[in-house]
Amino acid sequence: MHLFMAIALLAAGPPRAASQAVVVKPVANMYAQPSEDAEVVSQAIYGSTVGVIEERSGWLRIRTADDYTGWMPGAGVRVSDTAERPYASAGRVAQVESLFAHIYHEPDVARRQPLLTVPFETHLEVIAEPDERERRWLEVRLPDDRSGWLQRGDISFDTKPLTVEAAIALSRRFLGLPYTWGGTSSFGYDRSGFTQMLCRRRGIAIPRDADLQAAWKGAVPVSREDLKPGDLLFFGSAADHITHTGMYIGERQFINVTTWIHPVTQICDLGDPHWTRLLVACRRLK
């Protein structure tokens, strides 16, 4: 799937829901049950459209564009009917390319604190592009219908798929960011969320979980001896019990988000006995 198609899915959200909603928190957790004491299963980022499957006591069971489901507090989204155009699905749409981007009340970084801070890959509707003195700023319409101001240096309008080399260069920008269980944003990724994002930026929409990624028909098996940069690595106690993933970057190294030694995004060595013992599958995207 090409990148513009993946972005369209993220913006429009999946079908099979009675209504839809747009996320209005910078990063919204999805829970296994309608309780903040339940396990976090995934996340949805600001401005993304999700399908609403069920409502229960102020909670919504939602489905994201990658077909993942979970419970989210109703305050984290703005619900609409399916006839309403999904947010940031048409017109001039900016994509956040900085790891984090401040959105301001006005085109000035000093007068007031930011309205909010949104993560990498957030999509925003552009409503004005001033010229001359304020050329560095864009005015955006937010999902709750407020307006805000964003610096051009934080965004891009170019959504072309990245080459393998460019995706590897991108991956290094996240080094040191914290491991976050269920994380799918630059506020903190988990293992499979990080790999999924790197593939998405290459224009390929892969499943959310590591075991499903390894079994996905859009990739083919490859031996460790034939690894090339960009190949996906899968780790676990056995081939049918995969719990971890990363992307091979060459010279026996791979980038991943792990709790091993340091709970951050890091580059690891396949020659390390810890990883040699756990490597159970290698895949190459078609």
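The values are calculated or read from the model by the stated rules, or taken from the named source; none is laboratory data. Quick caveat: nothing in here was measured; it's all calculated off a predicted structure. Reconstructed Cβ throughout: ideal geometry from the backbone, glycine too, with neighbour counts over all protein chains shown. SASA here: full protein model, heavy atoms, side chains in, ligands and nucleic acids out. Shrake-Rupley method; radii C 1.70, N 1.55, O 1.52, S 1.80 Å.
At-a-glance table
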{"quantity": "Test item: Cα-centred dipole of segment 44-191, Lys/Arg +1 and Asp/Glu -1 on Cβ, debye", "calculated": "300 debye"}
{"quantity": "Rounded to whole Hz, the Karplus (6.51, -1.76, 1.60) HN-Hα couplings of segment 245-257, x for glycine and proline", "calculated": "8, x, 10, 6, 10, x, 6, 6, 9, 9, 9, 7, 9"}
{"quantity": "Other-chain or far-sequence residues with amide H under 5 Å of Tyr189's (modelled H)", "calculated": "Thr180"}
{"quantity": "Furthest towards positive pole of dipole, Gly74, Val96, Trp181, structure part segment 74-231, Cβ charges", "calculated": "Trp181"}
{"quantity": "Charge dipole of the chain about the Cα centre (unit charges at C-beta), most positive-ward option of Ala215, Val264, Gly58", "calculated": "Ala215"}
{"quantity": "Simple Cβ-charge dipole of the chain, Lys/Arg +1 and Asp/Glu -1, about Cα centre, in debye nearest 20", "calculated": "420 debye"}
{"quantity": "Debye, to nearest 20: dipole size of segment 129-250, +1 on Lys, Arg Cβ, -1 on Asp, Glu Cβ", "calculated": "160 debye"}
{"quantity": "Pairwise label distance in nanometres, Arg277 with His105, each label 7 Å out on the Cα-Cβ vector", "calculated": "5.6 nm"}
{"quantity": "Potential extension, Gln113-Ala239 segment - 0.36 nm per residue separation minus Cα distance", "calculated": "40.4 nm"}
{"quantity": "Candidates Pro229, Pro107, Pro130: whichever shows maximal mean-square fluctuation once the chain is modelled as a Gaussian network with Cα springs under 10 Å", "calculated": "Pro130"}
{"quantity": "Cα-Cα over 29 Å, subset of Lys25/Lys217; Lys25/Lys286; Lys160/Lys217", "calculated": "Lys25/Lys217; Lys25/Lys286"}
{"quantity": "Rg/Rh (Cα only; Kirkwood hydrodynamic radius) as it applies to segment 195-239", "calculated": "0.94"}
{"quantity": "Extension gain (nm, one decimal) between Arg284 and Gln33, 0.36 nm per residue minus Cα-Cα", "calculated": "86.9 nm"}
{"quantity": "MRE, 222 nm, helices only [DSSP H, n ≥ 4, -39500 (n - 2.57), over the chain, to nearest 500]", "calculated": "-4000 deg cm²/dmol"}
{"quantity": "Cα Rg over Rh - segment 247-286, Kirkwood", "calculated": "0.96"}
{"quantity": "Listed peptides 34-41, 83-90, 45-52 by packing density, highest first (mean Cβ within 10 Å)", "calculated": "45-52, 83-90, 34-41"}
{"quantity": "Hz values of 3J(HN,Hα) by residue in segment 27-38 - Karplus curve (6.51, -1.76, 1.60), Gly and Pro given as x", "calculated": "9, 10, 6, 10, 10, 5, 9, x, 7, 6, 8, 7"}
{"quantity": "Amide H contacts under 5 Å for Ala101, placed H, 5+ residues apart", "calculated": "Val118"}
{"quantity": "Percent of alpha-carbon pairs separated by more than 20 Å within segment 146-286", "calculated": "45 percent"}
{"quantity": "GNM flexibility winner over the chain from Pro26, Pro73, Pro221 (Cα, springs under 10 Å)", "calculated": "Pro221"}
{"quantity": "In sequence order, calculated HN-Hα J values of segment 140-156 (Karplus, 6.51, -1.76, 1.60; Hz; x Gly/Pro)", "calculated": "10, 8, 8, x, 8, 6, 6, 10, x, 10, 10, 7, 4, x, 8, 10, 9"}
{"quantity": "Positive dipole terminus of segment 127-286, leading residue within Ala169, Gly148, Leu232 (C-beta point charges)", "calculated": "Leu232"}
{"quantity": "The chain, accessible surface, carbon-and-sulfur percent (1.4 angstrom probe)", "calculated": "51 percent"}
